[in-house]
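Colleague: Just dropping this structure here.
Please treat every number below as a calculation from the coordinates, not as lab data. Since the structure is predicted, the reported quantities are computational estimates derived from the model, not experimental observations. Every residue, glycine among them, receives a Cβ derived from its backbone with ideal geometry; neighbour counts consider all protein chains shown.
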Amino acid sequence: MTGADLERMFRDDDALMSILISDTAAPGRVGLITRLGFYESMTGRLGFGWLLNATRKVAALASWDPLTMPHDTPLDTVSTVVLERPKDARDHDLVISWPDGSFGTVSVSSIFERLAMEYGYEATHDRLTGLPNRVLLLDRLSVLLQHAERVGSLVAVVFCDLDGFKRINDSLGHEVGDRLLAKVARRFGSTVRSQDTLARISGDEFVVVCEIGSPHAPVQVAERLIASLAAPIIVKGHQVRITTSVGITVTHGTATDPEELVREADLAMYRAKTDRRGGFEIFDAAMHARAVERLTVEQELGPAMGRDEFRLFYQPLVGAADRRLVAFEALVRWQLPTGRMRAPVEFIDIAEDCGFITTLGAWVLGEACRQLAEWRVRGAGDFRVGVNVSARQFSDPGLLAYVASMVEACNLGPGALVLEITESNLMQHVETSMATLTALRRLGVVISVDDFGTGYSSLAYLAKIPLDSVKIDKSFVTDLESNHTSRMLASTVISLAHNLGVRSVGEGVENENQLAILMEMGCDLVQGYLIGRPHPPEQVEQTWFPGTARPSPDDRTS
């Protein structure tokens, strides 16, 4: 049998009709092998074997050492049996036949040598980079922990995730992405010691495990890994700049689960990516508590919607000069069965990450439209209601149809509904954003750009967007009194808004000095605790239009 035949056998399992084992010492003993697999013996030793499909009565192969049954167990009483390598492989041959009628013979010794090279390596290594994979990493980490426990040393796990790798894959293609990963692996490899293990465990995730002499040593490992990517990487003519976020955990190796250590380092990496990309974080107990809380929140989002636990609070937006009511911004809260109110910062980002934000956003939009319609019927005034739209919700193909249905169902005229979209979300996909905004304007929806000044908007693009207002980012307003740069940026945003023919909104106004500065700059509208805190509908009515009677429960549900 040629090398090409062996390659065909190993690589194309579907092409095999059968593999027959023939025992030259006893030709009558024949079994049909249907697939190849790895197994772990009862002694913990990793080996290679065949899964023998005993679909017909076959005599026991005495010269083979079955792992899962006694030698005298009839093979026709089980569906599969794992067999070890023959004790004397030279006395055994394999006869391989294919659907086209061709066949060949190869010694068992050759098969197992090939298995050891091909399948053994691939089972424990990443094919793209040649680095150990997750299986081998965990095995080496387990051994390292046992050794650390004996000698009293420390073990560190350093978890790396490339920043923005998906964007590179999407824009330059997967071939460039694969080559980039291979070059990153080489750069990472140049920073670690020979006794350390660098592994690629999935996608763009790399892990280093090492035995260290002090708790500070893994910080140096992380810094070297980060520094190795400082220079651009040339891939197929593209000059690619990429960074990595790194998480670190350190243990004394006292009966610690290797999987748990990798999870801890992963959590620290996630914190690093959230706080500052291209940096590192060290795992601590508080980080674990936050991860547990995050998981709890994620799992409770759906049931909370079913239990009607979400509430809308409304914060007023007024004219800067006359403080006349112009609109209310609808802000979601989560009231737990205990009575505690969860603020948006506790669940909005989680809802965005897990995809629940589309469901939640639709509820907020519908509830805000119904509340505005109710207020208008009761003669509360001619004001608007604003609703925040997340990135995922804005890109949802069903957004336009849902907005149209709510505007029609609640009989809201043009200009009644304001959708607030962050500057960064608008700039993610410019052409798609433009088409969506234009369609929303046709429905009579007003568009406001939130957190303006924190993104990277093109002025030419902004001039084309059918905007009504831009909101100065709260961070600028907070520092108006003490920071010259914040004051200059706020003034620039206000001037830009006026030049574009739209209104400027200062949000986060908390005192009269901030209001006075904004008015001096020509800011049109303001919002913040100075004007009014977010409140539920009943309290909003008592403060802003006390003369309107609330409908009875029967009226609200009719």
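Colleague: Place +1 on the Cβ of every Lys and Arg and -1 on the Cβ of every Asp and Glu in the stretch 258-415, take the dipole about the Cα centre, and give the residue among Tyr314, Ala380, Ile350 whose Cα lies farthest towards its positive end.
Modeller: Highest projection toward the positive end goes to Ala380.
Colleague: Let me ask something additional. Let me spell out the model: positive unit charges on the Cβ of Lys and Arg, negative unit charges on the Cβ of Asp and Glu, origin at the Cα centre of the stretch 134-283. What dipole size does that give, in debye rounded to 20? Kindly include the intermediate steps, with their values, before the conclusion.
Modeller: Numbers: 19 positive and 19 negative charges, 136 e Å.
That gives a dipole near 660 debye.
Colleague: Using the Cα centre as the reference, give the magnitude of the dipole from point charges on the C-beta atoms of the stretch 294-557 (Lys, Arg: +1; Asp, Glu: -1; all else neutral), rounded to the nearest 20 debye.
Modeller: Numbers: 23 positive and 33 negative charges, 88 e Å.
Dipole size: approximately 420 debye.
Colleague: Mind ranking 527-533, 227-233 by how tightly packed they are, going by the mean number of other C-beta atoms within 10 angstrom, highest first?
Modeller: Put in order of decreasing packing, that is 527-533, 227-233.
Colleague: Out of all DSSP beta bridges in the stretch 294-557, what portion is antiparallel? Express it as a percent rounded to 5.
Modeller: Working: 14 of 37 bridges.
So the antiparallel bridges in the stretch 294-557 amount to around 40 percent.
Colleague: Select from Ala148, Pro215, His174 the residue farthest towards the positive end of the dipole of the stretch 134-283; place +1 on Cβ of Lys and Arg, -1 on Cβ of Asp and Glu, and compute about the Cα centre.
Modeller: Of the listed residues, the answer is His174.
Colleague: Moving to a separate point now. Whole Å is fine, so just give me how far the alpha carbon centre of the stretch 343-370 lies from that of the stretch 508-541.
Modeller: Measuring centre to centre over Cα atoms gives 24 Å.
Colleague: Also, I was wondering about something else. As a test of the definition: which semi-axes, in Å, follow for the stretch 121-279 when you take the square root of five times each eigenvalue of its alpha carbon gyration tensor? Largest first, please.
Modeller: 27, 17, 13
Colleague: Treat the count of other C-beta atoms within 10 Å as a stand-in for reagent exposure and order Glu259, Glu211, Glu431 from fewest to most. If you can, show how the numbers build up before the last one.
Modeller: Details: Glu259 12, Glu211 18, Glu431 8.
If I rank by nearby Cβ atoms, fewest first, I get Glu431, Glu259, Glu211.
Colleague: What three numbers, in Å, describe the spread of the alpha carbons of the stretch 294-557 along their principal axes, ordered from the longest?
Modeller: Here the Cα extents, ordered largest to smallest, are 51, 43, 38 Å.
Colleague: Next question. What's the magnitude of the charge dipole for the stretch 260-348 around its Cα centre, counting Lys and Arg as +1 and Asp and Glu as -1 at the beta-carbon? Answer in Debye, nearest 20.
Modeller: Working: 14 positive and 14 negative charges, 74 e Å.
Dipole of the stretch 260-348, to the nearest 20 debye: 360 debye.
Colleague: Can you compute 3J(HN,Hα) from phi for each residue in the stretch 228-244, using the Karplus curve 6.51 cos²θ - 1.76 cosθ + 1.60 with θ = phi - 60°, rounded to whole Hz and x for Gly and Pro?
Modeller: 5, 9, 5, 7, x, 10, 8, 10, 6, x, 9, 8, 9, 9, 9, 10, 9
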